[in-house]
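Let me begin by presenting the structure, written as structure tokens, before commenting on it.
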Amino acid sequence: MIDTHAHIDADVFDEDRDQMIAQAFENGVKAIIIPAIEPDRYDGVLSICNQYEHIYCGMGVHPHNANDYSAPVEDRIITLLENPKVRAVGEIGLDYYYDFAPKDVQQEVFRRQLNIAKSYDMPVIIHNRESDDDMIEILQEEQNGELKGVLHCFSSDLTMLRKALDLGFHVSFTGNITYKKSILDEIVRATPLDKIMIETDSPYMTPVPHRGKRNEPQFVRFIAQKIADIHALTFEEIITMTSNNAKSLFRLPLFLIVFLFGLSTFPIIAQDDRNEEDTEEQVQSIEKNPYARFIGFGPSLATNTIVETLTDIDRPERRDTRSWDGNPAFGFSVAYNPLEFLMLEGGILHTRNNAKLKNALPVPGTPTDPDVYTVFNITARAIANPRSKVAFFALGGINFQSKRIHSTNVLFTDDSQLAFNAGAGFMVNIPTSFGMIIPIAEWRLDFESKNDTINLPNEQKYKDWGDIEISTFYSLPRLTILWYPKF
Ligand SMILES: [Zn+2]
Ligand SMILES: [Zn+2]
């Protein structure tokens, strides 16, 4: 068996990579191909290849990383193609599901790498997600008789399959063909045996019965078994065919013993649907979050409406509400995401109650400064859909309000205290070549924890009230722009 597509350079294998590879070879895997994703990982990929005789790789820039493509990167790929361990240009392609790079950039980067493959007589490893039409159009235009390669993790329809086969491409299948809800049986059946290959796409796409766990090359046998079932052939026949196809496409210097002894010792578990209820979330939790966030920071702007409820202490039936609308507030936030659905924020926000000052009657002998609020907050945002471009959240936290009350009151008071914040909003995840930019729009309410007691003898409306109890909250539609630099 040859696992033609396994990202075993991924960080999730750092703990036990050697052991995981040993297990794959013990379980009948004869060779593994690691398609590189991004220039930063090329050295890591090559060091694994150099350590193991039967591990090979492709070199390329994945559509997710198309923004990282440059002339030096292209030169590096070309140089690396001379390394005997590099057997393909890949992983390259188009991915319109996660539009990490603009479509035209993805297409340009894809075409350039197709042309490198043609010039250096290398096969390509192609990634295609929600981009069938552009994919086939580009392949048709670029096919001059010299282009060869594989559409990996094939999950498109029959039309796409026929067009790819017409262009001479191989297709490889991964764990998703074993899923109960898979509609790929028909596609697998329609793929001729001299064009079919198997792969795990580790650490993603774990096949049944291990679905929900980290995927690794030893599980490639479950994909071979599923293809055998669909084609009504034996497991041995399928691994012979798929291995020969991989060996010739990637020109692997492998000597394959056609029918291996002792295959029956590999536990080919019958399609076991026990874990079918594991569903997508668990599989997703293993997949890399395309919008990974760690530490970010940036400015925020808000309009602060201060709402006060006044009660006459001696005559509690005397109540009134007043508000000071539209005071500009500005500040700065630092965010830390310990979990993908949790963003912790420490921030500072500053407001002056200009609205109140404007309406104040000057009182001789008292300063005409505005009330000043400086609020320090620690807030948690719980993100409902952290892997979406537009992600929604609810928030809650605690404030320390440094509050200096000046205007309209005879006496300056320091009314600093704790407050609580709560609210909701959404963020937009914008990946760029220099990190993630995340504009956040939210509506926050800050509730003061303690009520104040004052007198308002200078205000017409309240001058005959006694001691007045005031409870205050703040309504803050707020915009923050965070920058999460790349580490
Ligand atoms: Zn892929
Ligand atoms: Zn891949």
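The values are calculated or read from the model by the stated rules, or taken from the named source; none is laboratory data. Every value quoted in this text rests on a predicted model; they were computed, and no experiment measured them. Here Cβ is always computed from backbone atoms with ideal geometry, including for glycine, and neighbour counts include all displayed protein chains. To get the accessible areas, we keep the full protein, side chains included, count just its heavy atoms, and leave off ligands, DNA and RNA. Shrake-Rupley method; radii C 1.70, N 1.55, O 1.52, S 1.80 Å.
Each row is one residue, and each column tells you yes or no for (1) open to solvent by less than 50 Å² (accessible area, probe 1.4 Å); (2) part of a helix (DSSP H, G or I).
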{"position": "18", "(1), (2)": "no, yes"}
{"position": "21", "(1), (2)": "yes, yes"}
{"position": "34", "(1), (2)": "yes, no"}
{"position": "40", "(1), (2)": "no, yes"}
{"position": "48", "(1), (2)": "yes, yes"}
{"position": "56", "(1), (2)": "yes, no"}
{"position": "67", "(1), (2)": "no, yes"}
{"position": "72", "(1), (2)": "no, yes"}
{"position": "76", "(1), (2)": "no, yes"}
Name the residue that is surrounded by the most Cβ atoms within 10 Å (Cβ to Cβ), counting only residues in region 94-147 that are touching a His at 6+ places or on another chain (Cβ under 8 Å) and in a loop (DSSP other than H, G, I, E, B). 101
Any chance region 433-454 includes a residue that's crowded, with 20+ Cβ neighbours inside 10 Å and either of a type in the set (Gly, Ala, Ser) or in contact with a helix residue (DSSP H, G or I) (Cβ under 8 Å, 6 or more places away or on another chain) (or both)? no
Scanning region 153-174 residue by residue, those under 21 Å from residue 228 (Cβ atoms), open to solvent by less than 10 Å² (accessible area, probe 1.4 Å) and not in a helix (DSSP H, G or I) turn out to be 154, 171, 172, 173, 174
Report, by residue number, each residue of region 80-89 that is outside any helix (DSSP H, G or I) and within 21 Å of residue 53 (Cβ to Cβ). 81, 82, 83, 84, 85, 86, 87, 88
Identify all residues within region 24-58 that are more than 16 Å from ligand 2 (Cβ to nearest atom) and touching a helix residue (DSSP H, G or I) at 6+ places or on another chain (Cβ under 9 Å); write none if there are none. 24, 25, 26, 27, 28, 29, 30, 31, 46, 51, 52, 54
Which is among the acidic types (Asp, Glu), modelled with pLDDT under 95 and more than 27 Å from residue 86 (Cα to Cα), of 130, 146? 130
The residue that is most open to solvent (accessible area, probe 1.4 Å), considering only those in region 175-218 that are in a helix (DSSP H, G or I) and within 15 Å of ligand 2 (Cβ to nearest atom), is 176
All-but-one check, residue 59 against (1) away from ligand 1 (no atom under 16 Å from the Cβ); (2) touching a Phe, Trp or Tyr at 6+ places or on another chain (Cβ under 8 Å), failing number (1)
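I'm checking my understanding of the structure. Among residues of region 463-485 that are charged (D, E, K, R) and at pLDDT below 95, which one is farthest from residue 371 (Cα to Cα)?
Going through the qualifying residues, I end up with 464.
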Filtering region 301-336 for residues that are more than 16 Å from residue 446 (Cα to Cα) and either touching a residue at least 60 places away in the same chain (Cβ under 8 Å) or open to solvent by 80 Å² or more (accessible area, probe 1.4 Å) (or both) leaves a count of 15
Where residues in region 413-427 are outside any loop (DSSP other than H, G, I, E, B) and open to solvent by less than 40 Å² (accessible area, probe 1.4 Å), which of them is modelled with the lowest pLDDT? 417
Take the residues in region 364-395 that are at pLDDT 90 or above and open to solvent by 30 Å² or more (accessible area, probe 1.4 Å), then tell me which one is nearest to residue 100 (Cα to Cα). 390
